[in-house]
Amino acid sequence: MNLHQLKKELLLACIAEIDERAESLEKVMQDAQQSANEYGQPKDRYDSYRTQLLRKRDMFGQQLQKIIEQRKLLDKINLSTKNDAVSFGSLVITDKQKIFVCVGLGRFEFMDEDYFVISPGVPFFQAMEGKKPGDTFSFRDQSYTIKEIA
């Protein structure tokens, strides 16, 4: 599989992962809301169980909002443009690891290989931003050589 096709497949896998996380959060939010509804109104002013359930729902709601924002970022990746230098949407193959710059999913196993799916806001991306194949960069006392970019 060529690098461009690999990037496309990896992007689809990342989208599926984000969608799965969103679905899971929506279910947990619904469960917390249902539990709060079934519990009913607080029994007295010291009864905080329902309030805790609603806070839990709101916390998951905030996480869901972040996931939705990440999904929107993934939709902005244009697969038809060729990246000559490391930028948002780049699949970067170095001598030590494979990095996909889009959203912060962390270590991501895809096709029996590990990829690091990072956001453009992390220091590691900032160390390699704008670099081209053949360039080297350093991060935390380690040197990396960029082999390919898609």
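The values are calculated or read from the model by the stated rules, or taken from the named source; none is laboratory data. Values in this document were obtained by computation on a predicted structure and should not be read as measured data. Quick reminder, even Gly has a Cβ in these numbers, built from the backbone with ideal geometry, and neighbours come from all protein chains shown. Quick note on the areas: whole protein, heavy atoms, side chains included, nothing else; ligands and nucleic acids left out. Shrake-Rupley method; radii C 1.70, N 1.55, O 1.52, S 1.80 Å.
For the chain, what does the relative contact order come out to in percent, with C-alpha contacts under 8 Å and a separation of six or more?
Answer for the chain is 20 percent.
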**Report entry** Per residue accessible area in Å² of the stretch 76-150, where ligands, DNA and RNA are left out and the probe is 1.4 Å
**Finding:** 54 Å²
Query raised in the report: Hey, any idea what % of the chain's accessible area is carbon plus sulfur with a 1.4 Å probe?
Result: 47 percent
**Report entry** Cα long-axis angle, helix 49-75 against the chain (0 to 90 degrees, to the nearest 10)
**Finding:** 20 degrees
Query raised in the report: Loop-only check: which trypsin sites (Lys or Arg not before Pro) in the stretch 1-100 are DSSP coil with at most 13 other Cβ within 10 angstrom?
Result: K43, R45, K76, K82, K96
Requested in this report: Using 0.36 nm per residue of separation minus the Cα-Cα distance, give me the extension gain between Q5 and E113 in nm, one decimal.
Outcome: 37.3 nm
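Could you size up the charge dipole of the chain around its Cα centre, putting +1 on the beta carbon of Lys and Arg and -1 on that of Asp and Glu, and report it in debye to the nearest 20?
Result for the chain is approximately 400 debye, rounded to the nearest 20.
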Report task. Could you pull the Rg and Dmax for the chain, using just the Cα atoms, both in Å? Result -> 20.5, 68
Report task. First check a/c for the stretch 72-150, with a ≥ b ≥ c the square roots of the eigenvalues of its C-alpha gyration tensor; if it is under 1.5, answer rounded, and if not, answer prolate when a/b is larger than b/c or oblate otherwise. Result -> rounded
Requested in this report: Compute the acute angle (0 to 90°) between the alpha-carbon long axis of helix 3-39 and the principal axis of greatest extent of the alpha-carbon atoms of the chain; round to the nearest 10°.
Outcome: 10 degrees
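Indicate, rounded to the nearest 5 percent, the antiparallel portion of the DSSP beta bridges found entirely in the stretch 85-135. Before the final figure, lay out the partial values.
Numbers: 8 of 11 bridges.
For the stretch 85-135, the DSSP antiparallel bridge percentage is about 75.
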Query raised in the report: Using a cut-off of 19 Å between alpha-carbon atoms, which lysines can reach K147, once sequence neighbours fewer than 8 places away in the same chain are excluded?
Result: K7, K8, K82, K96, K98, K131, K132
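Any idea what the alpha-carbon Rg over 2.2 N^0.38 Å comes to for the stretch 2-91? All intermediate terms of the calculation are to be shown ahead of the outcome.
Details: Rg = 19.7 Å, N = 90, 2.2 N^0.38 = 12.2 Å.
Relative to the 2.2 N^0.38 Å estimate, the stretch 2-91 comes out at 1.62.
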Requested in this report: Return, for the Cα atoms of the stretch 50-94, the radius of gyration and Dmax in Å, separated by a comma.
Outcome: 17.3, 54
Report summary line: Check: C-alpha center the stretch 96-113 vs C-alpha center the stretch 1-48, spacing in Å is 21 Å
Report summary line: Per the charge dipole of the chain (beta-carbon charges, Lys/Arg positive, Asp/Glu negative, Cα centre), the residue among V92, Q142, L54 reaching farthest to the positive end is L54
